Amino acid sequence: METLPKKYLILTYGCQMNVHESEKLAGILEDNGYLPCTDATQADIVVFNTCAIRENAEQKIFGNIGELKNIKLANPNMLIAVGGCMSQQKNYADEIMKRYPYVDIVFGTHNLADFENLLKKRKETGKRISETTEDETIALRDKLNISRTSGVNAWVNIMYGCNNFCTYCIVPYVRGREISRPEVDIISEIKKLLSEGYKQITLLGQNVNSYSGKDEEGKEVSFAKLLFDIDNLDGKFRIRFMTSHPRDLSSDVIDVIANSKHICHGIHLPVQSGSDRVLKSMNRHYDIKRYNSLVDEIRAKISDSELTTDIIVGFPGETEEDFKATLDVMRKAEYMQIFGFIYSKRKGTPAEKMENQIDKKTKKERLSRLLTLKNDIINAKTAKMLNQTYEVLVESVDEQKGLLYGSLDSGKTISFKGTKNCLGEFVMVKVIQVKKSVIYGELVDNTAMKTFKEKNYKLPVEVSILPSGEKNMKILRENKQNKKLECDKKSKK
C-alpha cells in the first residue's frame with residue numbers, strides 16, 4: 001500500500017525576516033519528505049514562527065496554539081513546534097512548555113538551522129524538546145535549502161541581529177548582536193536567484209545601513225559598496241532593501257541609489273516620532289533636523305523618490321505637542337505609505353518601566369488622527385498619478401477576474417487587466433482610474449502579452465488553523481468534543 005506524504009503547515013507572524021525564515025523552515029521540512037497544506041486539520045506537523053514586537057501579536061499566537069489542543073486530540077500523532085522571536089524571549093520557552101503540554105518542540109531564533117535535528121530527536125525519543133541557545137553559526141543558516149514562496153520576489157539576508165537598542169524594541173534581545181554576511185556569499189546567492197528567474201531581490205537586515213561585511217580579500221564592505229556591486233550585475237531586475245535606520249543612512253548610499261540601474265527609488269525610512277524629546281527617549285540617535293535633512297537630500301538627488309515610514313503613537317511621555325510634531329513630519333515628508341502603530345509594552349525593554357505611560361483612549365484617538373492625515377496625504381499623491389505611465393512588475397494574478405497586480409518602483413500596487421503569462425514581467429501601464437489610494441491601469445501595449453511565456457513562481461498561500469466554511473468548522477468541533485468525551489470515559493474506567 002502506498003504511503004501518503006506527510007504534510008506541514010507553517011504559520012508566520014511579524015516581519016519580512018520571519019517570512020524568509022519560514023521559507024527556510026519549509027525547506028527543511030520538504031527535505032524531510034513533507035508537503036505543504038493549508039490548515040491544521042490536514043497537517044502532520046504545525047510550526048509557529050512567532051513575533052514578539054507587539055502584545056497583540058503574542059495574544060493571537062497564544063490563541064492559535066490553544067486552538068490546536070482539540071485538533072491534536074483528534075490527531076494525537078500531529079507534531080506542534082513553536083519557534084521564533086517570542087520563544088527566544090527570557091522564560092517564554094518554559095512558559096510555553098508548561099502552559100501547552102501538547103506542544104512538542106520549542107526553539108528560538110538561534111536554533112533555526114538545527115530544527116531538523118530537533119525534529120528527529122523528538123521522533124526518536126518521544127520526549128518534548130525545548131532549545132533556545134544564545135549563539136549560532138550563521139553560516140549554517142545560510143546553507144539551508146530555501147522553499148521560496150514569495151512569487152517574483154526573493155528575500156536575501158545581508159545581516160542578522162541589531163545593535164541599536166531602541167528602548168521600545170525587543171529585537172536586540174531575541175536576535176542578538178549584528179553579524180554581516182560576507183559580500184561574496186550575498187553576491188553568489190543573488191546571481192543564482194537571477195539565473196532562476198526572480199525579478200526582485202529584497203535585501204534584509206534589522207538595519208541594512210549598518211551592514212559591514214568583508215570582500216574576498218578581507219577588506220571592509222559598506223552598505224553603499226554592497227549596493228553598488230549588486231547593481232552592476234547583469235539582467236533586468238529590481239533591488240529593494242529593508243529596514244533602513246535614519247541614523248546610518250549615508251550620502252554614499254543615497255548617491256548609489258540615485259545613479260543606479262536596478263535599485264528602487266522607494267525608500268523605507270522609519271521616523272517613529274516627530275518629537276526630538278520622544279526620539280531621545282526612544283534612543284533613536286537622530287533628531288528631526290537630521291531626519292528632515294535626509295528627506296531633503298533624497299528629494300534633491302532622486303527626483304522621483306517615494307518615502308514610506310513607521311510611526312509609534314503614544315510612546316511613554318508623549319504629549320499633545322509631541323504628537324503634533326509627528327503630524328508635521330508627515331506633512332513635510334509626504335509619505336507614500338505610513339505604518340502607524342500604538343505603542344505596546346514589551347517585557348525586558350527599558351520603555352516598559354518608563355513613567356507617564358499613555359492611556360489606551362488617548363493612544364487610539366491619536367492613531368485615528370494620524371490615519372486620517374495619512375489617508376489625506378496618500379490620496380492626494382495618488383490623485384496626481386492619473387493618466388501617468390509607469391513601469392510595473394507583475395507580481396500576482398486573479399484569474400477569475402482577469403486582473404493582474406503589480407508594483408511600481410515606489411512599491412505602490414496597481415491592478416489592470418491581463419493574462420497569467422504576464423507574471424514576472426515588466427510592463428508599461430497607464431493609470432486610468434484612481435479611487436482614493438487605490439489605482440487602476442491599463443497595459444500600454446496589449447500585444448506584448450502574446451510574447452510572454454508562463455512561469456512557475458511559487459506564490460504565497462493563505463493558511464489557517466481551522467478549515468474554511470462554517471459547516472466544516474461545526475463538524476470539526478463536534479469531532480473534537482466526541483474525542484474528548486471518549487478520552488474522559490476511558491480515564492474514568
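Give the residue that is farthest from LYS384 (Cα to Cα), with candidates limited to residues of the stretch 412-434 that are of a type in the set (A, V, I, L, M) and assigned to a strand (DSSP E or B). Give the derivation first.
Step one: of the stretch 412-434, the residues of a type in the set (A, V, I, L, M) are 414, 423, 427-429, 431-432, 434.
The next check asks that each one be assigned to a strand (DSSP E or B); those that pass are 414, 427-429, 431-432, 434.
Numbers: ILE414: 14, VAL427: 21, MET428: 18, VAL429: 15, VAL431: 10, ILE432: 11, VAL434: 9 Å.
Only one residue tops the list, namely VAL427.
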Odd one out for VAL313 among (1) loosely packed, with under 15 Cβ neighbours inside 10 Å; (2) at negative phi; (3) of a type outside the set (D, E, K, R):
(1)
Before we move on, is LYS435 among the charged types (D, E, K, R), surrounded by 15 or more Cβ atoms within 10 Å (Cβ to Cβ) and at pLDDT 85 or above?
no
Just for the stretch 393-423: of the residues that are farther than 16 Å from LEU459 by Cα and aliphatic (A, V, I, L, M), which one is surrounded by the fewest Cβ atoms within 10 Å (Cβ to Cβ)?
ILE414
Taking the stretch 1-39 and keeping only residues that are of a type in the set (Ser, Thr, Tyr) and within 18 Å of the chain's Cα centre (by Cα), one is left with THR12, TYR13, SER22
Output the number of the condition that TYR173 fails; it satisfies all remaining conditions of (1) more than 18 Å from the chain's Cα centre (by Cα); (2) at pLDDT 95 or above; (3) among the hydroxyl-bearing types (Ser, Thr, Tyr).
(2)
Can you list residue pairs whose Cβ atoms sit under 9 Å apart, with the first residue in the stretch 301-327 being in the same structural domain as LEU269 (by TED's automatic domain parsing) and closer than 25 Å to MET385 by Cα and the second being of a type in the set (Asp, Glu) and surrounded by 21 or more Cβ atoms within 10 Å (Cβ to Cβ)? Count only pairs 6 or more apart in sequence or on different chains.
none
If only one of ILE239, ILE254, ILE186 is of a type in the set (Val, Ile, Thr), crowded, with 16+ Cβ neighbours inside 10 Å, in the same structural domain as LYS345 (by TED's automatic domain parsing) and in a strand (DSSP E or B), which one is it?
ILE239
Select from the stretch 343-359 the residues that are touching a residue at least 12 places away in the same chain (Cβ under 8 Å) and of a type outside the set (Val, Ile, Thr) and list them in ascending order.
TYR343, SER344, LYS345, ARG346, LYS347, GLY348, PRO350, ALA351, MET354, GLU355, ASN356, GLN357
Please indicate, with yes or no, whether at least one residue in the stretch 316-325 is modelled with pLDDT of 95 or more, crowded, with 19+ Cβ neighbours inside 10 Å and within 23 Å of LYS436 (Cα to Cα).
no
How many of the residues making up the stretch 165-181 are buried (at least 18 other Cβ atoms within 10 Å of the Cβ) and not in a helix (DSSP H, G or I)?
9
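Quick check: is even one residue across the stretch 294-305 touching a Phe, Trp or Tyr at 6+ places or on another chain (Cβ under 7 Å) and at pLDDT 95 or above?
Our first condition is that a residue be touching a Phe, Trp or Tyr at 6+ places or on another chain (Cβ under 7 Å); within the stretch 294-305, this holds for none.
Checked against the condition, which is being touching a Phe, Trp or Tyr at 6+ places or on another chain (Cβ under 7 Å) and at pLDDT 95 or above, the stretch 294-305 yields no hits at all.
Out of curiosity, is LYS24 buried (at least 19 other Cβ atoms within 10 Å of the Cβ), in the same structural domain as THR109 (by TED's automatic domain parsing), of a type in the set (D, E, K, R) and under 16 Å from GLY108 (Cα atoms)?
Numbers: buried (at least 19 other Cβ atoms within 10 Å of the Cβ): yes; in the same structural domain as THR109 (by TED's automatic domain parsing): yes; of a type in the set (D, E, K, R): yes; under 16 Å from GLY108 (Cα atoms): yes.
Here the answer is yes, as LYS24 does meet what is asked.
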If the requirement is being farther than 20 Å from LEU408 by Cβ and either at pLDDT below 95 or touching a His at 6+ places or on another chain (Cβ under 6 Å) (or both), which of these qualifies: ARG284, ARG247, ARG277?
ARG247
Tell me, which residue of the stretch 93-112 that is part of a helix (DSSP H, G or I) and in contact (Cβ under 8 Å) with a residue 40 or more places away in the chain is surrounded by the fewest Cβ atoms within 10 Å (Cβ to Cβ)?
LEU112
Got a sec? Which of GLN357, GLN400 is out of contact with any strand residue (DSSP E or B) (no Cβ under 7 Å at 6 or more places or on another chain), assigned to a loop (DSSP other than H, G, I, E, B), assigned by TED's automatic domain parsing to the domain that holds GLN433 and farther than 23 Å from ILE263 by Cβ?
GLN400
Answer with yes or no whether ASN387 is under 20 Å from LYS430 (Cβ atoms) and in a loop (DSSP other than H, G, I, E, B).
yes
Which ones in the stretch 189-208 are part of a helix (DSSP H, G or I) and not aliphatic (A, V, I, L, M)?
GLU189, LYS191, LYS192, SER195
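For every residue, the table says whether it meets (1) surrounded by 18 or more Cβ atoms within 10 Å (Cβ to Cβ); (2) closer than 29 Å to MET385 by Cβ; (3) acidic (Asp, Glu).
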residue: ARG346; (1), (2), (3): yes, no, no
residue: THR349; (1), (2), (3): yes, no, no
residue: GLU352; (1), (2), (3): no, no, yes
residue: GLN357; (1), (2), (3): no, no, no
residue: THR362; (1), (2), (3): no, no, no
residue: ARG369; (1), (2), (3): no, yes, no
Select from the stretch 447-466 the residues that are loosely packed, with under 12 Cβ neighbours inside 10 Å and either over 23 Å from the mean Cα position of the chain (by Cα) or more than 30 Å from SER147 (Cβ to Cβ) (or both) and list them in ascending order.
THR447, LYS450, THR451, LYS453, GLU454
For the structure I just gave you, tell me whether LEU68 is over 29 Å from ARG346 (Cα atoms), in contact with a helix residue (DSSP H, G or I) (Cβ under 9 Å, 6 or more places away or on another chain) and assigned to a helix (DSSP H, G or I).
no
Selected residue [touching a strand residue (DSSP E or B) at 6+ places or on another chain (Cβ under 7 Å), under 25 Å from LYS127 (Cβ atoms) and assigned to a helix (DSSP H, G or I)] from ILE80, ILE61:
ILE61
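Regarding the stretch 321-336, can at least one residue be identified that is among the hydroxyl-bearing types (Ser, Thr, Tyr) and assigned to a helix (DSSP H, G or I)?
The initial filter retains those residues of the stretch 321-336 that are among the hydroxyl-bearing types (Ser, Thr, Tyr), namely 326, 335.
Imposing the further condition that a residue be assigned to a helix (DSSP H, G or I) reduces the set to 326.
Checking the stretch 321-336: at least one residue is among the hydroxyl-bearing types (Ser, Thr, Tyr) and assigned to a helix (DSSP H, G or I).
The values are calculated or read from the model by the stated rules, or taken from the named source; none is laboratory data. Because the structure is predicted, anything quoted here is derived from the model rather than measured. All Cβ positions, glycine included, derive from the backbone under ideal geometry; neighbour counts span all protein chains shown.
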